[in-house]
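To keep things clear, I will list the structure first and then write my remarks on it.
Rule-based calculations on the coordinates, nothing more; no lab input. Keep in mind it's a predicted model, so treat the numbers as computed, not measured. Cβ: placed from backbone, ideal geometry, glycine included. Neighbour counts: every protein chain shown.
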Amino acid sequence: MDELRVSQEHADGMEGGVVLQIVGEIDLATVAHLKEGLATAERELSPPGPLVINLSEVTFLASTGLSALVACHERCEEAGVDLRVVTGNRTIAHSMQITGLTQTLAVFSTLEDALGSAN
Amino acid sequence: MTASTEPTTILVVDDAEANRYLLSSWLRRSGYRVNEAGTGAAALSIMAEGHPDLVLLDVNLPDMSGLDVCARLKADPMTATVPIIHVSATAIEPEDEARGLTGGADAYLPEPVDPRVLIATMEAVLRYYRARAVAERLAARLTELTRLTHALNTATTFESLIAVAAQGAAAMFGGAVTALTSTPFGQVRATVDRAGDTTVDTSGTEPPEPEMIVGETLLPAVVTVENMPWHGARPATVFVGRPKPSLAPVYVAVDTADAPQDEDRQLLLHLGQATALACEGLRARSEEHTLAVTVQHSLLPRENPTVQGLSLATRYVPAAQNVEIGGDFYEVAELDNRVLVAVGDVVGHSIQAATVMGELRHALRAYAIEGHDAVTILNRLDAVVRRFHPGWHTTMCVMLVDLENGTAEIANAGHIPPLVSDADGNRYIDVAGPLLGAGWPRPVATHVDLPPGTMVLLVTDGIVERRDRTLLDGMTAIQEHVEHDGDLEVLCDSLLARFGQGAKDDIALVALRIQ
């Protein structure tokens, strides 16, 4: 059964930044929920953010999810917000590599790495 | 319910023989048929074998209380619908009467009973029960009609639709039925005989025009015809209607003897109209489907080109069941001195994805014909997506093969890279870049040598990606499966058979071999 949980957290020492925890499968059925979560998170951001999207517990990432990430990146660029994506497991990392997202997005293996990174 | 030609049967239950005799004589003289029983047990035993239209039940019986007999009869579904009138020789206390009526009896009469009161009470009770039986029968038939309407609307061919209509009418009216209409493909006639066997015949000629049957009467109509040629030349009650004024008429005929009442004719009218409406729906759906398939096929390559120096096999399998196309595409085209080979995948697999795919395919061919290199083509397409289809991110791999020199120039926009297979083994070409629609910079093209005998396979992720298997594992599995020197058509079929089952996304495959 497709299921996606999106929840927002604040990390210590990150004023104006948001951490978005995503758990489950991102596909045509659940991508709307992801987009809602992104929109809510983006409203809480103030430049330079960061917006950290944690995908380490995402078990499936369809092209529609990748598409949503690209669109999010564009909005973050326009707003002057630093977007960081945590890929965690190799499934997600590989998908993002093939589609060329890792070339332009700031991608990290763990949440700690993403939070510790300088702007 | 038809007025019964059978006399009404009454069961008289009373242990006093004289009483029984008196009651029975009155009743027989008044035209009723009478059975008798002297004990509760005898009464129950008679009722178990077949029941009368009404029971006159003495309350005081030697072996059990008449109230218990009544309660037992009312508790058994087989006998619960038979009206019961209690008679009691002893003085009736209000609580006795209340108990009797609560127990299910329809009336409680004291003895000695005036014969006129007895018969009037019996007739009143029977009148109510007959009316209830009529209403229950009508309710059952309407429920049947609703079920039939659903079956009519889910039929996918005219043969099955007309057969369902005829069978439903046969079940409802209990006799032989003929249902008939004509379709763009010819006449369809279904006959159900009295034994319930159905025959469907599509060989006949056009059915008669409605005016020949109904005259000036407006449609839809139910008429009686002395001799209906296509209903076994028997007297028939026929529904005649048109789904729409311009469409072919629908006829449903039953034997007149099976539909004697107004209620029967009304039901036939409803059944016929439901059939006509379902015919209209089916006709509209098949027209739409033909149109959709024609449009969709115009978006895909009509047939693969024959290219000197190249053997080629392709496959296209859309994900959705009732759609012929999705967001995947492939292209093989001969240009001036190169061959364009490409595969692509628009996000999602809806009809909308298919229209975006169609436009990108045309744009790809236009830029390729102009002679641009692979990276420029992708950059131009990137701009097309951003300008005209923002958000419709697309992956695409473009290969320009120079057969004369045995080389190829490849640029990749987020797609699974091509797999090269030759005598040295199978490997994915190292070529990557961002998908189309993001506006991101892309690397220079990759150049590879393709000597004769080399096989190249391009796929879309529908064949590779599953919930339970990662993209990487899928790509590795395909790499291990492919052999460089087999027949290309056989290779495509084996890939689909081995990896393509249960795909949730579209699948496109292009396999080529340099000769």
What does the highest-first list of B:504-511, B:358-365, B:199-206, B:420-427 look like by mean Cβ count within 10 Å? B:504-511, B:358-365, B:420-427, B:199-206
Within region B:143-157, name every residue whose backbone N is under 19 Å away from a label modeled 7 Å from Cα of B:Ala292 along the Cβ vector. B:153-157
For n ≥ 4 DSSP H runs only, could you compute -39500 (n - 2.57) per run for chain A, divide by its residues and tell me the 222 nm figure to the nearest 500? -12500 deg cm²/dmol
Average beta-carbon neighbours from other chains, 10 Å sphere, peptide B:432-444: 5
Of A:Ala62, B:Thr454, B:Tyr129, whose Cα points farthest to the positive end of the dipole of the protein assembly as shown (charges on the beta-carbon: +1 Lys, Arg; -1 Asp, Glu; origin at the Cα centre)? B:Tyr129
Summed residue charge, Cβ within 15 Å of B:Met396's Cβ, Lys/Arg positive, Asp/Glu negative: -4
Please find the FRET efficiency linking B:Glu136 to B:Ala423, where r is the Cβ-Cβ separation and R0 is fixed at 56 Å, and quote it to the nearest 0.05. 0.10
How much net charge surrounds B:Tyr108 when only the other residues with a Cβ under 10 Å from the Cβ of B:Tyr108 are counted, with Lys and Arg +1 and Asp and Glu -1? -2
For region B:216-297, which GluC sites (Glu not before Pro) are both in a DSSP coil and crowded by at most 12 other Cβ atoms within 10 Å? B:Glu216
Summed residue charge, Cβ within 9 Å of B:Ser88's Cβ, Lys/Arg positive, Asp/Glu negative: -4
Compute the FRET efficiency between B:Gln308 and B:Asp373 as 1/(1 + (r/R0)^6), taking r as their Cβ-Cβ distance and R0 = 25 Å, and round to the nearest 0.05. 0.65
Volume of the Cα convex hull of region A:1-89, divided per residue and given in Å³: 79
What's the ranking of B:126-132, A:62-68, B:269-275 by average number of surrounding C-beta atoms within 10 Å, highest first? A:62-68, B:269-275, B:126-132
Which of the peptides A:27-40, B:249-262 is most tightly packed, and how do the rest follow, going by the mean number of other Cβ atoms within 10 Å of each residue? B:249-262, A:27-40
Any idea what the dipole of region B:64-219 comes to, in debye rounded to 20, about its Cα centre with Lys/Arg Cβ at +1 and Asp/Glu Cβ at -1? 160
Indicate, rounded to the nearest 5 percent, the antiparallel portion of the DSSP beta bridges found entirely in the protein assembly as shown. 70
Between region B:183-256 and region B:445-515, what's the alpha-carbon centroid distance in Å? 57
In whole Hz, what ³J(HN,Hα) sequence does region A:106-116 give by Karplus (6.51, -1.76, 1.60; θ = phi - 60°), x for Gly and Pro? 7, 10, 10, 7, 10, 5, 4, 4, 5, 6, x
Residue-wise HN-Hα coupling along region B:234-246, computed from phi with Karplus coefficients 6.51, -1.76, 1.60 (Hz; x: Gly, Pro): 9, x, 9, 9, 10, 8, 10, x, 10, x, 8, x, 8
With each pseudo-label sitting 7 Å past Cα toward Cβ, what's the B:Ser30-B:Asp336 distance in nm, one decimal? 11.1
Set the Förster radius R0 to 35 Å, insert the Cβ-Cβ distance between B:Ala366 and A:Met14 as r into 1/(1 + (r/R0)^6), and round the FRET efficiency to 0.05. 0.15
For chain B, calculated [θ]222 nm from helices alone, where every DSSP H run of n ≥ 4 adds -39500 (n - 2.57): -12500 deg cm²/dmol
Ignore the peptide's own chain and count Cβ atoms of other chains within 10 Å of each Cβ in A:61-68; give me the average, rounded. 6
Mean per-residue count of partner chain Cβ within 10 Å for A:33-46 equals 0
Report the convex hull volume per residue for the protein assembly as shown, counting only C-alpha atoms, in Å³. 279
Distance (nanometres) between label positions extended 7 Å along Cα→Cβ at B:Ala80 and A:Ala79: 6.6
Classify region B:135-188 as rounded, prolate or oblate, taking a ≥ b ≥ c as the square roots of the eigenvalues of its Cα gyration tensor: rounded when a/c is under 1.5, otherwise prolate if a/b is larger than b/c and oblate if not. oblate
With the cut-off at 1.5 for a/c, could you classify region B:471-512 from its C-alpha gyration tensor as rounded, prolate or oblate? oblate
Alpha carbon centre of region A:77-112 versus region B:329-372: separation in Å? 28
With a/c under 1.5 counting as rounded, go ahead and sort region B:140-234 into rounded, prolate or oblate using the C-alpha gyration tensor (a ≥ b ≥ c being the square roots of the eigenvalues; past the cut-off, prolate if a/b is larger than b/c, else oblate). rounded
